[in-house]
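Below is one structure, written out as structure tokens; the observations come after it.
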Amino acid sequence: MRRGGFLAFAAAGMLAGCGRLGDTLTESPLIHRILAAPERLDLALLGAGQPLAREYTARDLSPVFRRNGFDPPSDERYVHWSRSGWLGYRLFVRGLVERPQSFSLYELRNRFARRDQITRHDCVEGWSVIGKWSGPRLGDVLSVCRPTPRAKFVVFHCMDDDNQGTRYYESLDLRQAYHPQALLAYALNDQPVPVENGAPIRLKVPTQLGYKSAKYVQAIELVPSLGGAYGNGGYWEDQGYEWYAGV
Amino acid sequence: MEHPHPSPARVYRHPLVVRATHWIMALSMLVLVMSGLQIFNAHPALYASDASTFGHPLLALPKAPWWLTLPAYQDLADGRRWHIFFAWVFGLCALLYARWAWQLVPNRADLSRILPSLKEHLTPWRLRAERRANPLQKSAYFAVVFSVAPLAIVSGLALSPAIDAWAPWLPALFGGRQFARAWHFAAMLGLLGFIAGHLAMIALTGPLNQLRSMITGWLDVGGAP
């Protein structure tokens with residue numbers, strides 16, 4: 001029917017108009033600020049406690065822990081480390097701490113209690129995988145370095161980049177960093193973390209979306225605030241994604 | 001005429017709270033569906049489980065076309081901002097509306113008139129605007145307000161990793177997080193089906209009269225067709 005066809009055409013045109021109007025609105029800084037408002041509300045409501053993400057059993061493990069994100073680092077130093085059992089790699093903790101120091105993988109394995117957790121990883125794209133992660137609690141490692149009272153955020157500097165020279169980075173506030181399930185994982189499914197999943201050390205934050213769980217962590221820096229050199233607090237946050245990724 | 005129409009009258013059919021929440025929720029649903037498709041496009045597959053079973057999806061679909069998404073360009077981050085903002089708007093509006101919605105619960109009189117009402121709907125072009133919602137109409141609104149819309153809201157909440165930490169039973173209710181995502185998609189289809197039926201009935205029973213009643217509250221009833 002001609003009229004039916006016209007109506008369908010008009011409806012599609014209106015929808016497309018909505019999308020285009022949406023584009024214009026999204027690009028307005030004021031609208032952008034308004035649309036970003038729920039993030040604070042979500043953080044205030046959901047971040048008010050430290051509930052644990054559900055922990056699964058070995059039966060629930062995904063057959064493959066899907067990889068996503070940037071290519072693994074390809075620089076000479078990283079490739080050399082990856083072929084020599086990570087001898088020479090050290091995880092640095094610096095910034096607003098009384099005892100800035102670095103840890104070898106051996107030290108991370110032996111100086112701290114190992115926590116094993118089988119948790120679900122929810123990617124912002126919509127899919128989920130379940131994996132077993134092992135390593136020291138981030139909070140235990142931070143405690144040894146003694147954050148000063150001015151330290152409010154923990155920034156994770158990573159070794160991977162977007163192929164255009166921008167390194168991955170992430171950040172948590174101190175409360176999130178001391179969540180009992182926030183891990184500096186050195187093992188995935190009882191094997192050393194594979195290169196494609198963030199070797200040798202991957203942050204794991206199961207109460208937030210996957211992009212918070214930064215791979216290839218090289219240094220941890222305690223800072224008084226985000227902004228400035230730390231942008232919106234993460235690579236994807238700088239592309240418009242929420243800093244609080246609990247929703 | 002077998003059933004003479006009652007004398008024409010203008011009745012105050014929709015109170016302000018209904019009119020206001022109707023339009024806010026209508027706008028919210030448009031934004032939620034379009035931004036939801038934007039989010040869906042980032043991984044257009046659904047699974048009947050807690051984690052994704054990539055080789056065995058429940059349903060794998062092509063991406064939604066740009067003219068159905070918000071924003072029109074592909075941008076998951078902006079789609080999420082629109083979606084989560086209007087999820088709050090929709091949820092708060094639904095709370096405001098909920099107190100009034102109890103009027104939609106079918107009563108005994110409605111149940112006894114459901115068959116005749118069904119029969120009247122077999123010739124939809126003869127339906128007219130009435131003083132009160134007819135039993136079938138009431139049942140349709142009842143189903144959407146008390147099952148499809150709550151399903152959309154609750155299955156949406158189950159997708160948040162932080163909410164899942166607070167309430168692990170929530171994704172379990174749907175058979176896992178990925179299953180909740182499939183339910184969320186199904187609820188969207190249900191809402192679209194309702195909206196299609198709703199708009200068709202409005203078009204059949206005097207669209208201008210109906211539209212005006214949802215703006216001013218006053219509906220003309222019982223007049224000549």
Practice task
Answer yes if at least one residue in the range B:165-185 is in a loop (DSSP other than H, G, I, E, B), touching a residue at least 60 places away in the same chain (Cβ under 8 Å) and touching a strand residue (DSSP E or B) at 6+ places or on another chain (Cβ under 6 Å), and no otherwise.
Solution key: no
Practice task
Examine the range B:67-76 for a residue that is at the interface with another protein chain (Cβ under 9 Å from one of its Cβ atoms), buried (at least 18 other Cβ atoms within 10 Å of the Cβ) and within 25 Å of B:Gly176 (Cα to Cα), and state whether such a residue exists.
Solution key: yes
Exercise for the section: Please give the number of the condition A:Gly131 fails out of (1) in a strand (DSSP E or B); (2) away from every other protein chain (no Cβ under 14 Å). Expected result: (2)
Practice task
Kindly indicate the residue of the range A:121-137 that is within 16 Å of the chain's Cα centre (by Cα) and without any contact (Cβ under 8 Å) to a residue 60 or more places away in the chain and also surrounded by the most Cβ atoms within 10 Å (Cβ to Cβ) among those meeting that condition.
Solution key: A:Ser128
Practice task
Please verify whether the range A:107-120 includes one or more residues that are surrounded by fewer than 17 Cβ atoms within 10 Å (Cβ to Cβ) and among the hydroxyl-bearing types (Ser, Thr, Tyr).
Solution key: no
Problem - Selection count where residues are surrounded by fewer than 18 Cβ atoms within 10 Å (Cβ to Cβ) and in a strand (DSSP E or B), scope the range B:17-61 - result: 2
Practice task
Select, from A:Arg94, A:Arg99, the only residue that is more than 16 Å from the chain's Cα centre (by Cα), part of a loop (DSSP other than H, G, I, E, B) and basic (Lys, Arg).
Solution key: A:Arg99
Completion exercise
Picking from B:Ala187, B:Ala133, the residue that is closer than 23 Å to B:Trp23 by Cα and surrounded by fewer than 20 Cβ atoms within 10 Å (Cβ to Cβ) would be B:Ala133
Fill in the blank from the handout: If you go through B:Arg177, B:Arg131, the only one that is basic (Lys, Arg) and within 14 Å of chain A (Cβ to nearest Cβ) is B:Arg177
Exercise for the section: Look through the range B:149-166, keep the residues that are under 16 Å from B:Met188 (Cβ atoms) and within 14 Å of chain A (Cβ to nearest Cβ), and return whichever of them is surrounded by the fewest Cβ atoms within 10 Å (Cβ to Cβ). Expected result: B:Ile153
Fill in the blank from the handout: Checking B:Phe194, B:Phe146 in turn, the sole residue that is on the phi < 0 side of the Ramachandran plot, at pLDDT below 95 and either assigned to a helix (DSSP H, G or I) or more than 10 Å from every other protein chain (Cβ to nearest Cβ) (or both) turns out to be B:Phe146
Practice task
Check off (1) away from chain A (no Cβ under 11 Å); (2) modelled with pLDDT of 95 or more; (3) over 30 Å from A:Arg66 (Cβ atoms) for B:Asn107 and give me the number that stays unchecked.
Solution key: (2)
Handout entry: Residue count, the range A:24-36 (criterion: part of a helix (DSSP H, G or I) and at the interface with chain B (Cβ under 7 Å from one of its Cβ atoms))
Key = 2
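This table checks each residue for (1) within 14 Å of chain B (Cβ to nearest Cβ); (2) in contact (Cβ under 8 Å) with a residue 24 or more places away in the chain; (3) surrounded by 23 or more Cβ atoms within 10 Å (Cβ to Cβ); (4) not hydrophobic (A, V, I, L, M, F, W, C).
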| position | (1), (2), (3), (4) |
| --- | --- |
| A:Gly139 | no, yes, no, yes |
| A:Ser143 | no, no, no, yes |
| A:Arg146 | no, yes, no, yes |
| A:Cys158 | no, yes, yes, no |
| A:Gly165 | no, no, no, yes |
| A:Leu172 | yes, yes, yes, no |
| A:Leu184 | no, yes, yes, no |
| A:Asn189 | yes, yes, no, yes |
Exercise for the section: Determine whether A:Leu222 is surrounded by 23 or more Cβ atoms within 10 Å (Cβ to Cβ), in contact with a helix residue (DSSP H, G or I) (Cβ under 9 Å, 6 or more places away or on another chain), modelled with pLDDT of 95 or more and more than 22 Å from A:Ser104 (Cα to Cα). Expected result: no
Practice task
Please tell me if A:Asp71 is of a type in the set (Asp, Glu) and in a loop (DSSP other than H, G, I, E, B).
Solution key: yes
Handout entry: Scan of the range A:59-101 for residues that are of a type outside the set (D, E, K, R) and loosely packed, with under 14 Cβ neighbours inside 10 Å, ordered by number
Key = A:Pro63, A:Val64, A:Ser74, A:Val79, A:His80, A:Ser84, A:Gly85, A:Leu87, A:Gly88
Fill in the blank from the handout: Scanning the range A:196-219 residue by residue, those away from chain B (no Cβ under 14 Å) and surrounded by 18 or more Cβ atoms within 10 Å (Cβ to Cβ) turn out to be A:Asn197, A:Gly198, A:Ala199, A:Pro200, A:Ile201, A:Arg202, A:Leu203, A:Ala214, A:Lys215, A:Tyr216, A:Val217, A:Gln218
Exercise for the section: Specify the residue that is farthest from the other protein chains (Cβ to nearest Cβ); the eligible residues are those in the range A:231-246 that are more than 13 Å from the chain's Cα centre (by Cα) and on the phi > 0 side of the Ramachandran plot. Expected result: A:Gly231
Exercise for the section: Give the residues of the range A:40-66 that are part of a helix (DSSP H, G or I) and either facing chain B (nearest Cβ under 8 Å) or of a type in the set (Ser, Thr, Tyr) (or both), sorted by residue number. Expected result: A:Leu41, A:Asp42, A:Leu46, A:Asp60
Exercise for the section: Please indicate, with yes or no, whether at least one residue in the range A:93-110 is within 14 Å of another protein chain (Cβ to nearest Cβ) and of a type in the set (D, E, K, R). Expected result: no
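The values are calculated or read from the model by the stated rules, or taken from the named source; none is laboratory data. Keep in mind it's a predicted model, so treat the numbers as computed, not measured. Note: ideal-geometry Cβ built from the backbone for every residue, glycine included; neighbour counts use all protein chains shown.
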